[in-house]
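The values are calculated or read from the model by the stated rules, or taken from the named source; none is laboratory data. Since we're looking at a predicted model, the values are computed, not measured. Cβ sites come from the backbone with ideal geometry, for glycine too, and all protein chains shown count toward neighbours. Accessible surface is based on the protein model in full, side chains and every heavy atom, while ligands, DNA and RNA are left aside. Shrake-Rupley method; radii C 1.70, N 1.55, O 1.52, S 1.80 Å.
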Amino acid sequence: MNVFSPMRHLGLLALAYVAVVAETTLAPEWQPAGMSVRPLWIALAIAVAVCEGGAVVVWAAVLGLLSDCLRGSGPLGLDLVLAVAVVTCLPSAWTRRRLRSAHQIALVALLLIVTIDSVSQQVRAGLDESFSLLLTASLPAIVIASLGDALLTSGLLLLVVWTWRATLNSLGRLLLPTPLTS
Amino acid sequence: MASASASWKPPAVFLLIGLGLTQLPLRPSEAIRNGVFDAARPGQLLVVALDDRITTWRQQRSSTSDQDRRQELEATQLEVRRLRLANARLAQRTPGRSLPGDPLADDLAGDATTVPLGPPLFVTDLVGTRILGRETIEAWQAGRILDRGAGLAIDNLVLEPGHPTLDRGRDSGLARGQPAYSGRRVAGRISRVGRWTATLQLLTNRGFRGLARLAHPGQDHPVFTSQGMLEGTGDSLCRLTLVRETAAVKVGDLVYTAGRDSQFPWPMLYGTVVRAELPMEAPHWEILVRPAMDIVRLERVEVLTRVLNPRRVKTPGVLSQ
């Protein structure tokens, strides 16, 4: 077992808590052009990037359950099921290759948000209305809204990852010993 | 095969858990939701506190920057005033606005002042008049004054409420609108004229208006700056209006008469600025002026009269030449 695994999971736990707080405080306040940021799915995308195998599924279940709790309406467990299903279907889960590129992480976030949010909102809305009416009336609007949220969130995530890696690279250069010269 | 089975087991387990949660009754579901919200509460409070601090800091910063800007504006305004004052001092040395007795101005005036202008069309004269007291007026109204047949009728007495009555009238050449002075200080102007008497509109009376010039007290002579309109307020002070906001005005500045056809070599004094305020965004100053003359102790005034110059009348015409 990797020595840094517990630290990684502790970090993800802190990130999940921050995401829950941000989801209930900052996200409703900051909605540029009607789009909103989904911090919980940012945390899930990062978990997909830094963890492997069953750990990713566990984090998907945890963050999905938290998302269920924050939605306030509909049954618990829906986002959990969707999050687990999506992360299981991701190519990284089958190829067992970790995501390295910032673009890949942002793409995962985009996929997560579009899929989970669209289906979750659709199902929650469908519990009150007839299924056929729901498909014709609200599906395009929900998908478009989810796509907007996904684009904003993944763009933000891309910036965060770039900044993080640039900071780490700068620190690494500072801390590396000067190579010996002949 | 073992690793493949191990890879689908966790998702399957959590999918089953998730499906089980969807069937959870309302009360346990709400309990779980409330637990999550309660756990998030400290973080939410922290965010709210941070938001408050940031808002307060921004307000303080903006108010500080506003204060800095205001101070900068005041400093700039002072600088503008100082430059305008310097400009006014320099302007006094130019030929167009020269003061009498200024050698530099006389030099700069050059040939324009050497050309003889000839006798003026009008000549002025100062008619000294006394201000009638209340007892005299009452005696006149009561017919107790012996006129020895000179026609001192009650109807000839001109009176106006709030206006002093002078003991000279049309018989001495007084006419409506003629300025009245007390020494070098402006007292007012003639408002009504009778045969023997006239009334004086004091410069503090409501309705009095006269062109005025502001001047800073200089070392040798006052330095004239900007023009305005002096108006009576009906109170003991006058108001100086239409002085533009770019002018340099301060308490203690002197206010003199203005106008091109002044018959004196030196402007007459209206009074002293006792209050000068420039409201924000206002185009003009708000100035109050205390009259130079003591209205209560005023006993006599000199009225400036203008008559046709007799020398011009006697000058032979072109045809006679």
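Out of the residues in segment B:39-53 that are more than 10 Å from every other protein chain (Cβ to nearest Cβ) and charged (D, E, K, R), which is most open to solvent (accessible area, probe 1.4 Å)? Selected residue: B:Arg53. Within the set B:Glu72, B:Glu30, the sole residue that is assigned to a helix (DSSP H, G or I) and open to solvent by 100 Å² or more (accessible area, probe 1.4 Å) turns out to be B:Glu72. Any chance segment B:234-241 includes a residue that's surrounded by 21 or more Cβ atoms within 10 Å (Cβ to Cβ) and at pLDDT 85 or above? Yes, there is a match, as at least one residue in segment B:234-241 is surrounded by 21 or more Cβ atoms within 10 Å (Cβ to Cβ) and at pLDDT 85 or above. Scanning segment B:262-275 for residues that are under 18 Å from B:Leu242 (Cβ atoms), modelled with pLDDT of 90 or more and crowded, with 20+ Cβ neighbours inside 10 Å yields B:Tyr270, B:Gly271, B:Val273. Across segment A:1-25, the number of residues qualifying as without any contact (Cβ under 8 Å) to a residue 12 or more places away in the chain and at the interface with chain B (Cβ under 10 Å from one of its Cβ atoms) comes to 3. Annotation: A:Val57 fulfils all but one of (1) open to solvent by less than 20 Å² (accessible area, probe 1.4 Å); (2) more than 14 Å from chain B (Cβ to nearest Cβ); (3) aliphatic (A, V, I, L, M); the unmet one is (2). Condition test on B:Glu302, is it at positive phi and in the same structural domain as B:Arg185 (by TED's automatic domain parsing)? When the stated conditions are applied, B:Glu302 does not pass them.
Determine whether segment A:43-51 contains at least one residue that is closer than 23 Å to B:Val47 by Cα, of a type in the set (A, V, I, L, M) and in contact (Cβ under 8 Å) with a residue 40 or more places away in the chain. Yes, segment A:43-51 contains a residue that is closer than 23 Å to B:Val47 by Cα, of a type in the set (A, V, I, L, M) and in contact (Cβ under 8 Å) with a residue 40 or more places away in the chain.
Taken over segment B:18-38, the criterion of being more than 7 Å from chain A (Cβ to nearest Cβ), within 23 Å of A:Tyr17 (Cα to Cα) and not polar (S, T, N, Q) is satisfied by B:Pro28, B:Glu30, B:Ala31, B:Gly35, B:Phe37, B:Asp38. A:Gly34 falls short on exactly one of the conditions (1) open to solvent by 20 Å² or more (accessible area, probe 1.4 Å); (2) at the interface with chain B (Cβ under 8 Å from one of its Cβ atoms), and that condition is (2).
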